[in-house]
Amino acid sequence: MAEEGAERQLVREALDGDRASTRSLVARLRPGIQAELAHLLQGYEPARGRSARQELEDLVQEAFASLWADGGLLLRRWDPARGRSLESYARLVARSRALDALRSRRRMPWREEPTDPSSVEMTLSRAPSPSGRVGARRALWQLQSRLRRELGARDWQLFTSLFTEERGVAQVAEELGMTPAAIYQWRSRFVRKVLPALAGDLDPEDG
Amino acid sequence: MDEEALARELAQLERQQRDAREPAWDDVANGRRSVDEVVAELRARGEDEAELSRMAELMAPLPGAFDDALAERLVESLEPAEVIAMPEREPVRWHRLGWAAAGLLAAAALVVVVVLPREPGPATDEPTPLPEHALSLRPGASELRAADDGPVSVAAGGTLRFSLRPATSYALEPHVWACAERGGTSRPLEVVLDPVVPGRVIEGRATIPADLALGEWTLLTVVDGQPPPAEPCAIEPGPGRRMPRVGFVVTPR
């Protein structure tokens, strides 16, 4: 708790424009953000004429810019009482922002499969046969790829918080500055409209 | 289709991929181990060499100068803007907001914004005079200044951060673009500007094409009251146009 209190103080001082605190906060958060983005970029091919390292450096800067935007609105929203560490929160923002940036630049082709398919054991209930299961897994990867490509930063953050991390609606609402009703509405729309639209032509039996 | 189940499957896939990440790389991020140590360990385990090489490149420590420059720009992004007089203007394809745009725009939101429409006046072709601008390159994360304070070096494909300081204040929002010049040749450069406040220092970065020949070049920056012409590098100076230059060196990537 003492450490969280110290981190909140550090955030406040940094957003008040204190240089030493800003340097300290950057030094504290940057390694985790770099690691998060490195794992993300591992799944991409760099754009022509650019190295992966250059992309990484740009995205690290953009992640911090997002946290500091609007007078540090996103950074101020971090609250350890909601169960997420500052580093975890910064990583989530960085990943969401990076996906948004990569999508908008449209300069990196997305791989349609994870780097190590053998590490993922997936089944879909509607794919009973062995070939169907392989096809289902491939279809799921493709859907995941589309999801990353199509969702904006906030949508991705919502998907991650609600589904991947299974966090409560109230928690997510507070973290994103939304009302619980708006979260429920987003969730409903995502499940009923966005997901089916993205999954539309994927065939799980196509192995 | 059971969309709820599909959403859960996707979430599980995300979790499994996250869990499958090699934890040794977090040791690198936290400074507990070096990139070389982790690469050696993973290589001994038979990890894919190409993936290892890519990850080693991405996880290599960023220089302290990167963090320092980043922190400085974050602090600057919180400083409120002063002059807010925005004449109407056409969008310019050479203008793109830089990474600090959101922060600076946020700062601008703290002050009263006054939008001044352009006064109707007699038709004239006379360009609006602009003051001289002093061009300087600021070493950033990907640029290095020579030890003897010589020209800034930048790797092909990297970016040059520049600032243009006007000799006197003015109210016109300028158009800015940049070219790399050498001998009789010139190449337009992609420019990303921080938000421009008329009459204040203009800051931005120019991307050096990866295929630009190595060696000494001149960075031409153009500050103009008018949008860039079709051939943005084939232009002459004029009262409504300032064209400061500075040398730089392109090094191998």
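Numbers for the structure displayed
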{"read-out": "Test for A:S66: is it within 15 Å of the chain's Cα centre (by Cα) and facing chain B (nearest Cβ under 8 Å)", "value": "yes"}
{"read-out": "Index of the failed condition, A:R8 passing every other in (1) under 22 Å from the mean Cα position of the chain (by Cα); (2) more than 9 Å from every other protein chain (Cβ to nearest Cβ)", "value": "(1)"}
{"read-out": "Failed criterion for A:R48 (all others in (1) at pLDDT below 95; (2) farther than 22 Å from B:E14 by Cα; (3) in a helix (DSSP H, G or I) hold)", "value": "(3)"}
{"read-out": "Failed criterion for A:T22 (all others in (1) modelled with pLDDT of 90 or more; (2) surrounded by fewer than 23 Cβ atoms within 10 Å (Cβ to Cβ) hold)", "value": "(2)"}
{"read-out": "Total residues in region B:180-211, condition touching a Lys or Arg at 6+ places or on another chain (Cβ under 6 Å) and either within 14 Å of chain A (Cβ to nearest Cβ) or surrounded by 17 or more Cβ atoms within 10 Å (Cβ to Cβ) (or both)", "value": "3"}
{"read-out": "Single residue of A:S85, A:S161, A:S145, A:S104 found to be at pLDDT 80 or above, assigned by TED's automatic domain parsing to the domain that holds A:L59 and closer than 24 Å to A:L37 by Cα", "value": "A:S85"}
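Conditions (1) facing chain A (nearest Cβ under 7 Å); (2) part of a loop (DSSP other than H, G, I, E, B); (3) in contact with a helix residue (DSSP H, G or I) (Cβ under 8 Å, 6 or more places away or on another chain), marked per residue:
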| site | (1), (2), (3) |
| --- | --- |
| B:V28 | no, no, yes |
| B:V38 | no, no, yes |
| B:R54 | yes, no, yes |
| B:L62 | yes, yes, yes |
| B:A65 | no, no, no |
| B:A69 | no, no, no |
| B:L74 | yes, no, yes |
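The values are calculated or read from the model by the stated rules, or taken from the named source; none is laboratory data. Model, not experiment: these values are computed from the prediction. We place every Cβ from the backbone using ideal geometry, glycine too, and count neighbours over all the protein chains shown.
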